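Down below is the structure, laid out as structure tokens.
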Number of protein chains: 2
Amino acid sequence: MTLAIDHLGIAVKSLAASKAIYEKLGCSISPEEVVEGEQVRLVMVPMGESRLELLEPTSENSAIAKFLAKRGEGLHHISLRVPDLTAVVERLKRENVRLVSNEIKIGAGGHRYVFIHPSSAGGVLLELVEGGH
Amino acid sequence: MTLAIDHLGIAVKSLAASKAIYEKLGCSISPEEVVEGEQVRLVMVPMGESRLELLEPTSENSAIAKFLAKRGEGLHHISLRVPDLTAVVERLKRENVRLVSNEIKIGAGGHRYVFIHPSSAGGVLLELVEGGH
């Protein structure tokens, strides 16, 4: 099956401080965007066919704020692009892979996604997202 | 500047256990390989233009063993491919970016690389590697 890295989600305390290294590397960086539903402010840094997503919490209740409190700054999730998410999820369930939620969800841009629990993926929170970005 | 994700290094306790999720996703996985200098055993999982590197320590003294003891399983580093490493490193030094080592090193396959310290990169250990993989 053809997979690719769609994006890497990186939890940071401050977008301004964290995007500096990518500016110094000469990368283009998207304007800041707030995603109310996730209580985060983010910028995206395109990297070839992938991108980095720097995520700063806008509320103490956001999942990213809780992650920062527990683990500090760093990688929050790896997102892989798959062609047919329904078929993949059925297969993973048959093989007893632990998903964070058993239902496929609809995210930004209408994309369908699930998260595989880190206990089933070498300590990494692994997102599967259908199609391109 | 054109950057791309060369690979993601993921520290795991057991290659056998951790590669299972990628087998279930239908990914191809390289044969296991031991890198004596780094005291690790690894497999690579190609992902489009990038790849995942699953890293299992072969000794308690390896950097990966120390990482696992301190942080548990998960992402160890993000490696970005840059076209001209010498120019990039000179620029980063001028801008007072903290590097793990000030000298460019030669790694597997003769590739030149440096690591940017997590304190300068949003909590992520960021490797810069020159050229392709």
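Just so it is clear, none of the values below were taken in a lab; they were calculated from the coordinates. Every value quoted in this text rests on a predicted model; they were computed, and no experiment measured them. Glycine also receives a Cβ, built like all others from the backbone with ideal geometry; neighbour counts cover every protein chain displayed.
For segment A:94-102, the criterion of being basic (K, R), under 17 Å from B:L25 (Cβ atoms) and touching a strand residue (DSSP E or B) at 6+ places or on another chain (Cβ under 9 Å) is met by at least one residue.
Within the group B:L75, B:L52, B:L126, which residue is in contact with a Cys (Cβ under 9 Å, 6 or more places away or on another chain) and within 26 Å of A:I64 (Cα to Cα)?
Criteria check complete, one pass: B:L52.
Considering only segment A:26-42, state which residues are under 18 Å from A:I5 (Cβ atoms) and either touching a helix residue (DSSP H, G or I) at 6+ places or on another chain (Cβ under 7 Å) or away from chain B (no Cβ under 14 Å) (or both). Answer for segment A:26-42, where residues must be under 18 Å from A:I5 (Cβ atoms) and either touching a helix residue (DSSP H, G or I) at 6+ places or on another chain (Cβ under 7 Å) or away from chain B (no Cβ under 14 Å) (or both): just A:S30. For segment B:72-83, the set of residues classified as at the interface with another protein chain (Cβ under 9 Å from one of its Cβ atoms) and part of a strand (DSSP E or B) consists of B:G74, B:L75, B:I78, B:L80, B:R81, B:V82, listed by residue number.
Scan segment B:76-113 for residues that are within 23 Å of A:H76 (Cα to Cα) and under 17 Å from the mean Cα position of the chain (by Cα) and the total you get is 8.
The set of residues in segment B:5-25 that are surrounded by fewer than 19 Cβ atoms within 10 Å (Cβ to Cβ) and either at the interface with another protein chain (Cβ under 8 Å from one of its Cβ atoms) or not in a loop (DSSP other than H, G, I, E, B) (or both) comprises B:L15, B:A16, B:A17, B:A20, B:E23, B:K24.
A:A121 meets the conditions (1) under 14 Å from the mean Cα position of the chain (by Cα); (2) surrounded by 16 or more Cβ atoms within 10 Å (Cβ to Cβ) in every case but one. The failed one is (1). For A:A69, the requirement of being more than 13 Å from the chain's Cα centre (by Cα), among the small types (G, A, S), within 12 Å of chain B (Cβ to nearest Cβ) and more than 27 Å from B:E53 (Cβ to Cβ) is not met. The residues in segment A:92-110 that are within 15 Å of A:E38 (Cα to Cα) and part of a loop (DSSP other than H, G, I, E, B) can be counted, and the count is 1.
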